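Each remark here refers to the structure printed beneath this line.
The values are calculated or read from the model by the stated rules, or taken from the named source; none is laboratory data. Source: prediction; values computed, not measured. Cβ: placed from backbone, ideal geometry, glycine included. Neighbour counts: every protein chain shown. Just so you know, the surface numbers come from the protein's heavy atoms only, side chains and all, with ligands and any DNA or RNA stripped out. Shrake-Rupley method; radii C 1.70, N 1.55, O 1.52, S 1.80 Å.
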Amino acid sequence: ELAVSLADATSQAEHETLARDTVTNALRTFPRHVEADRWLLRQAAFEAAEERFENAVETLARIRPDRPLAKHAEVQSLETATRAAETAEGRDVARWIDRAEAWLRRLEPWPSSPPDGRDPGEHASLGVRVALSRARLHLLADRPAAALVEVATIRDSAVLTREQVVEGVRIRLAAFDRLDRPEDAAAELRRLSDGGDAESGSLLEGRLEVALAAIRRADAEGDRDRAARIGSESA
């Protein structure tokens, strides 16, 4: 139990294999341990990170619906199917979207208040994860405006993690691209950069080519005012 706790706390890439093996061995040795469901969540996260999405979904299905962490498993199943849809190709894209939407239907509508006995913060955190997955599914279905609305509903949530804030920015940037709103994308990056977030550098670097392409397109269309505005916002 102590070994799994230490493995669960590690975030260094070089220790990921050790952490994964520790969780796997714990589940094999103590399948009925009181913490086994939590270990299953962790194992499924490892499998999803390795893009073994079918394995991850099967692992999560081992958590029974009547268990305390059942809702966590449902939310993680939604996230896993959504990520699989984003990385899939060909017919697998539609198949994974269907599976993700099936999980979403099971979770909707997400209650504003937690069920009796549930921790309010934990309930709100799960709700944020559902909303982010729903926004990503909107993007997959080419509904960028709906994705923006979804992200806006959680933007001021007190339980947002730094990673979730950055994920929200990524979703908004993708939606602005689909809607051909480069000025809004540039302004979003400016807000992130002004906030001093450590992730802003990689996002800014990845967006430079997009901004330059938008400037060239506006210039080619003869809209030099728009080209100058995009350049100013992106500077």
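A few points about this structure:
- Arg226 vs. criteria open to solvent by 30 Å² or more (accessible area, probe 1.4 Å), of a type outside the set (Ser, Thr, Tyr), at pLDDT below 80 and in contact with a helix residue (DSSP H, G or I) (Cβ under 6 Å, 6 or more places away or on another chain): yes
- Single unsatisfied condition, Arg155 versus (1) in contact with a Gly (Cβ under 9 Å, 6 or more places away or on another chain); (2) among the basic types (Lys, Arg); (3) over 21 Å from Ala185 (Cβ atoms): (3)
- Test: residue in the stretch 113-132 that is touching a Lys or Arg at 6+ places or on another chain (Cβ under 9 Å), modelled with pLDDT of 95 or more and either closer than 22 Å to Ala146 by Cβ or assigned to a loop (DSSP other than H, G, I, E, B) (or both): yes
- Scanning the stretch 128-161 for residues that are under 12 Å from the mean Cα position of the chain (by Cα) and not aliphatic (A, V, I, L, M) yields Arg129, Ser133, Arg134, Arg136, Thr161.
- Conditions (1) more than 22 Å from Arg134 (Cβ to Cβ); (2) in contact with a Phe, Trp or Tyr (Cβ under 8 Å, 6 or more places away or on another chain); (3) modelled with pLDDT of 95 or more: number failed by Arg62: (2)
- Here the stretch 175-185 is the region considered, the condition is being open to solvent by 30 Å² or more (accessible area, probe 1.4 Å) and in a helix (DSSP H, G or I), and the residue that is modelled with the highest pLDDT is Arg178.
- Condition met for Glu74 (under 27 Å from Ala135 (Cβ atoms), modelled with pLDDT of 95 or more and in contact with a Phe, Trp or Tyr (Cβ under 9 Å, 6 or more places away or on another chain)): yes
- Single residue of the stretch 99-112 satisfying the filter (in a helix (DSSP H, G or I) and small (Gly, Ala, Ser)) that is nearest to Val57 (Cα to Cα): Ala100
- Selection of first residues in the stretch 87-111 that are under 13 Å from Leu140 (Cβ atoms) and open to solvent by 70 Å² or more (accessible area, probe 1.4 Å) and of second residues that are of a type in the set (S, T, N, Q) and modelled with pLDDT under 95, restricted to Cβ pairs under 6 Å at least 6 apart or on distinct chains, gives an empty result.
- The requirement of being open to solvent by less than 40 Å² (accessible area, probe 1.4 Å), closer than 26 Å to Leu179 by Cα and either in a helix (DSSP H, G or I) or not polar (S, T, N, Q) (or both) is satisfied by His138.
- Residue count for the stretch 52-86, restricted to those that are closer than 17 Å to Leu140 by Cβ and open to solvent by 60 Å² or more (accessible area, probe 1.4 Å): 2
- Pairs with Cβ under 7 Å, 6+ apart, first in the stretch 147-166 and over 20 Å from Asp119 (Cα atoms) and in contact (Cβ under 8 Å) with a residue 12 or more places away in the chain, second open to solvent by 50 Å² or more (accessible area, probe 1.4 Å) and outside any helix (DSSP H, G or I): Val166/Glu199
- As for the stretch 151-160, it holds at least one residue that is more than 25 Å from Glu101 (Cβ to Cβ) and exposed (fewer than 15 other Cβ atoms within 10 Å of the Cβ).
- Condition broken by Pro31, with the remaining ones in (1) in a helix (DSSP H, G or I); (2) open to solvent by less than 90 Å² (accessible area, probe 1.4 Å) satisfied: (1)
- Some residue of the stretch 187-194 being of a type in the set (Ser, Thr, Tyr) and modelled with pLDDT of 75 or more: no
- The residues on offer are Ala174, Ala186, and the sole one that is without any contact (Cβ under 8 Å) to a residue 40 or more places away in the chain and of a type in the set (A, V, I, L, M, F, W, C) is Ala174.
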